[in-house]
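The structure appears right after this line, and notes come after that.
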Amino acid sequence: MKLRSQYAILSFLVLFSTSFTLCAAEINTSFEFNNTSGFFTLTDSADDNASVSFNGGEAKSVGNFSLYHTGSNAWMIAPGAIGNIDFNPPAQELTVFFRTQSGNDASVLELLDSDGGILISFSGSSASWTEVSVSEAALGKPVAQAVLRNEAGQGYAVLDDLNAITQQVQTGQRLDDPIPASIQKGTVRLRLRSVASELTAPNWAVSAPGDSQYLYVGDQSGKLWRIDLTNGGQAVFLDLTDLLVPLGAFGSGSFDERGFLGFAFHPGFADNGLLYTYTSEPAGEQSDFSTIPSDASANHRSVIREWRLNPANLEQNPATVEAERVLLTVDQPQFNHNAGALNFGTDGMLYIALGDGGGADDRDGQTSAGGVIIGHGENGNGQNTGNPLGSLLRIDPAGSNSNNGQYGIPGDNPFVGSTTVLEEIYAYGFRNPFRFSFDAVSGALVLADVGQNDIEEVNLVQAGGNYGWPLKEGSFRFDPNGNEPGFVTGDAVTGNLIDPVVQYDHDEGTAIIGGFVYRGSAISKLQQTYVFGDVSKTGNGDGRLFYTAGAEILELDLTARDASGFWVLGFGQDADGELYVLSNTSGVPFGTNGTVYKLVPNAVFNTGVLDVPAVDVMLDGDSSDVFRVRLQTVMGSEPIRFELVQAERLTQNARGDNAVFNAQTGKLSIPYINITNADNAVSTFAAELELLADQSVLTFELTQVTLVK
């Protein structure tokens, strides 16, 4: 019996029956364990062939006897939250008891098939328990997922005494559809507003500490751009092009994962001018770390540099470089899986993400990109803690106790003092961690790891944690399959390995692109969610944007986007916590088709109130200010009139995000207004309003409305 959790290792009762080549599992639990907020999985004690994963709720006791069908614990979902239960393989038979706490009669339990379709649903009752007992024979399909939605303003939604009998699965066999449920489109409808264009392949963007006016954007082709968020001006702040290995892994103009892959400003940048970069440079010189056999050569090497810019003139373009030095270098066996993100934590230490060295399946001997894979060894770099590949490093740039004397190894690193584990390693078991970020409020380290052939994953990183690659991909056992392409199976995953918080399979995309926990103020529905994406669902320029609160993954609903040519390459975050999507139309690091988009909200009309997130006020042809406004409908007015009830001045960074008021003509143009109907379906309209003269309160009259989407 094993329970894998991001937060705890727990004990509970799991009963299974097994056969030699086929496994059927009967899983029983009455949730008699605690400390399970977040994600936890119940797995087969014999071989992990079947599992039931819980996400979004908590097994707990609240001291109310009526909330437990048996025992003193149950699985509970808080008001306004959603809990998911995933059955892998899907359940042929399922029994569970469902009720709600007193005062809560607005919750529902939905049972879904592997395509995400609702097979049957049950309304909760606070008066008594509902026994849910279903079978594949009765429903027509097995149950792949149960979704418990607590739609009440108070009181828990509760499940207890769950019993599931899963389908039979042949062990050791490839799972062709490891996560049957599909990602649904959420109710958050936004827009992408272009703030910079004619870049090449932008892949990371942040503001410098203490500088809210500019967004700095790393471009894979070698340039660090500075974008003025108040007027859209852009300039090259630092050009690293001459340092890079020639790009185009398969010839000029072709795909490549090398280049200028990451940068981070020192927390004291405004005073010391220190900037750190990650670049892919030609091999040849001896590196600090190498897995390359003596009779072979590295494809390139990853170089972490420190740049000291002139702090007295940081607004100069290009920047004045006073000094530079190399902190560390790592040989890379192949062109791909370089990761490359750099970030300073709140602890003042520099964190560096490195992939497993490239190729495929993290093992020597296979053929990849026209050559035989080297530099991974028998067990893969992800599990080889004697070198930095496949790991997240943590160093002190101001220290000097490393082997090369160019940086420090913090004394509280998890493996300090080890004779077998590299002391720079903070966590390991990654394939291609592209990207990671720190939540600005909680400090949580959220890392997206690109999968091999099946699973893309998001992890919450713990000091010293092993995230499993190449023993597993996502939460699934990974089979390297000899010299053929590897795959995931339903077999046991052994060892103290940490599972992802959320994951999806390649029905939904091809490579995850990590983002940020949203902490801005413009998009209230995204607050505290992690926003990320996938480079391209089918590999044909159809990138996707997702968000999650740690339970289900939902797709962002975009009001308008080009039908093709949207490759998601990275994300950005400005000083206000607002988010940016970095993209190009080709998917390769060549040309000038790269664009930086800002995620901006539409206006919202709900219960007589029109909330406009940003209005540019135009006086004499110029924007004099930007406001967030709330307008209230005037009861009984015909045509419809709106009175101003609130106005909040915004920073100039919000200019162009939504509506425009021309004071000369009195016209208020709002191009996108979301209206949600009783079925939670969203429609978007464009509207024009006209200012009425001689009113005691600023009043607008609706003159035109048009359906947009």
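The values are calculated or read from the model by the stated rules, or taken from the named source; none is laboratory data. Computed from a prediction, not measured in an experiment: that's the story for all the values here. In this analysis, Cβ positions are derived from the backbone assuming ideal geometry, glycine residues included, and neighbour counts consider all displayed protein chains. In case anyone asks, the SASA skips ligands and DNA or RNA and just uses the protein heavy atoms, side chains included. Shrake-Rupley method; radii C 1.70, N 1.55, O 1.52, S 1.80 Å.
Details
- Anisotropy class of segment 140-259 from Cα gyration tensor, a/c 1.5 cut: oblate
- Under 5 Å, built H, 5+ apart or other chain: amide partners of Leu342: Phe263
- Taking every alpha-carbon pair under 8 Å whose residues sit at least 6 apart, the chain reaches a relative contact order of 10 percent.
- Under Karplus coefficients 6.51, -1.76 and 1.60, residue-wise ³J(HN,Hα) of segment 544-549 in Hz, glycine/proline x: 10, 10, 10, 8, 8, 9
- Taking only the Cα atoms of the chain, the radius of gyration and Dmax are 26.9, 86 Å.
- Three-way shape label, segment 384-443, alpha-carbon gyration tensor, a/c 1.5: oblate
- The calculated 222 nm mean residue ellipticity attributable to helices in the chain amounts to 0 deg cm²/dmol, summing -39500 (n - 2.57) over DSSP H runs of n ≥ 4 and dividing by all residues.
- Checking the Cα-Cα distances for Lys537/Lys709; Lys60/Lys185; Lys185/Lys525; Lys472/Lys537 against a 19 Å cut-off, the pairs over it are Lys537/Lys709; Lys60/Lys185; Lys472/Lys537.
- Accessible area per residue for the chain is 39 Å², calculated with a 1.4 Å probe on protein heavy atoms, without ligands, DNA or RNA.
- Between Gly570 and Leu582, the built amide H atoms are under 5 Å apart, and every one of these is 5 or more places off in sequence or on another chain.
- Ordering of 243-255, 449-461 by packing [mean C-beta count within 10 Å, highest first]: 449-461, 243-255
- Burial ranking of peptide ranges 388-396, 150-158 (average Cβ count within 10 Å, highest at the top): 388-396, 150-158
- Relative contact order [Cα under 8 Å, 6+ residues apart], segment 98-144, whole percent: 42 percent
- The chain, accessible surface, carbon-and-sulfur percent (1.4 angstrom probe): 47 percent
- Karplus-based coupling profile of segment 443-454, in residue order and whole Hz: x, 4, 9, 10, 10, 9, 10, 6, x, 7, 10, 9, with θ = phi - 60° in 6.51 cos²θ - 1.76 cosθ + 1.60 and x standing for Gly or Pro.
- Whether segment 435-546 is rounded, prolate or oblate, judged on the alpha carbon gyration tensor where a/c under 1.5 counts as rounded: oblate
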